[in-house]
Amino acid sequence: MQRIRMTIGGKLALGGGVFIWVLLVLAAISYNQIHSVADRVRQITDVEEPISSAAYEMKINAVGTGFDLMGYLHDHDLAHWDRVIRNEQDFLNHWAKYDELVQTAQDKSLGNEIEKLYAQLFEQAEKLRRVEDEQSQEMDALVGSLLSMDTTLNEQILATLLNGDLQTPEKLQVVLEMEVDTNRIVRSASNFIRTHRRDDEEQIQNDEENFKRHLEAYDALAKSPGEMRRADQLRDRFAESQVNVERVVDLDKKKGQMLAGFSVLRKKLDAVLEDEILTRTRQHLEEAKEQARQTLESTIINILAVIMLGLLIAAVVGYALARSVL
């Protein structure tokens, strides 16, 4: 069989072709490895970190909702309630981002759970605001009734007693006692709203009983038509104030029960967010970072191995070509 002989140019072309083929294989392997690293990095930057960030932001919004609600209940400043609204909007935006990115059924289920819990929390916050506003209105009405009584006592009854012929020590004493009672009722009601203590509630009742007793004493001493008319006015205003006090106390107790319910919802929401979602997002993020690190390390090793292999093949081909040329 006749042996095929190649020219020097042919041998160089063959060697060059082999070298180019090695370079192409090296480039393909390198591209594949780098693409794997890029995928891992994208998993971190586009999925795991945004999920983790959304979960943290939802927790911040939940905490902020509670703080701002307490602020509104304390001073009725609408700026607090505006922040409650913004927290609700931000929570829903972050939840939508979380729900869009999570991939497992368990993460989806946890997301649905916190969405429902926060909806209940916000609904409870709105109810608490309405009860607080209603209680504030009742307290304003109570103060108005007691101020009207104080005006009647000071500007009508006391003025008549001090300037007219109807002045008697008994009447003056009982009128002054009623004036003290009205101030005590306001103070006791304010203390109860601030402390919610049973003894402050009992003090309101005691102050009301004292006023009622002194009003009956004045009614018994009233002789003129004007005095009897003013006694009727005090009696009507006092009846109104008793209704206001009862409403203030009832609403305060209702608010206390609702605050307890709000606290339970907050704890449930915090448990799901902190113990479930944030724990899982931190775990997923760390796993993604570890996978990216391992992929990068293996990529570097593989590329170095391919380069070494390519250099070895090129050296062998070059040596073979040199021998054949010589």
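The values are calculated or read from the model by the stated rules, or taken from the named source; none is laboratory data. Just so we're clear, the structure is a prediction, and the values are computed from it rather than from any experiment. Note: ideal-geometry Cβ built from the backbone for every residue, glycine included; neighbour counts use all protein chains shown. The area values use the complete protein model at the heavy-atom level, side chains included, leaving out ligands, DNA and RNA. Shrake-Rupley method; radii C 1.70, N 1.55, O 1.52, S 1.80 Å.
Observations on the structure shown:
- Principal axis box of segment 43-105, alpha-carbon based, largest edge first, Å: 46, 20, 13
- Using a cut-off of 22 Å between Cα atoms, the listed pairs LYS127/LYS253; LYS97/LYS127; LYS108/LYS267 include LYS97/LYS127 as exceeding that distance.
- Computed lengthening from GLU287 to HIS74, 0.36 nm per intervening residue step minus Cα-Cα distance: 72.2 nm
- Kirkwood Rh (inverse of mean 1/r, distinct Cα pairs), segment 65-187, angstrom: 19.0 Å
- Taking the 1.4 Å solvent-accessible surface of segment 43-102 as the whole, the part contributed by carbon and sulfur is 53%.
- Averaged over residues, the count of other Cβ atoms within 10 Å places the peptides 129-138, 222-231, 172-181 in the sequence 172-181, 129-138, 222-231, highest first.
- Heavy-atom accessible surface of segment 232-295: percent carbon and sulfur, 1.4 Å: 48 percent
- Modelled this way, with points 7 Å down the Cα-to-C-beta line, the labels at ASP99 and LEU304 are 4.9 nm from one another.
- 3J(HN,Hα) from dihedral phi, segment 197-212, Karplus parametrisation 6.51/-1.76/1.60, rounded to Hz, x for glycine, proline: 8, 5, 5, 5, 5, 5, 5, 4, 4, 5, 5, 5, 5, 5, 5, 4
- The phi torsions of segment 171-187, fed into the Karplus equation with coefficients 6.51, -1.76 and 1.60 and a -60° offset, translate into couplings of 5, 4, 5, 6, 5, 5, 5, 5, 5, 5, 4, 4, 5, 5, 4, 4, 5 Hz, rounded to whole numbers, with Gly and Pro shown as x.
- Note on GLN106/ASN183: beta-carbon distance plugged into 1/(1 + (r/R0)^6) with R0 of 45 Å gives a FRET efficiency of 0.15.
- Here the extension length gained between ALA271 and GLN156 equals 35.2 nm, from 0.36 nm per residue of separation less the Cα-Cα distance.
- Both the radius of gyration and Dmax for segment 178-280 are 22.0, 82 Å, in that order, over alpha-carbon atoms.
- Whole-number accessible area per residue in Å² for segment 174-326, which is evaluated in the context of all protein chains at 1.4 Å: 57 Å²
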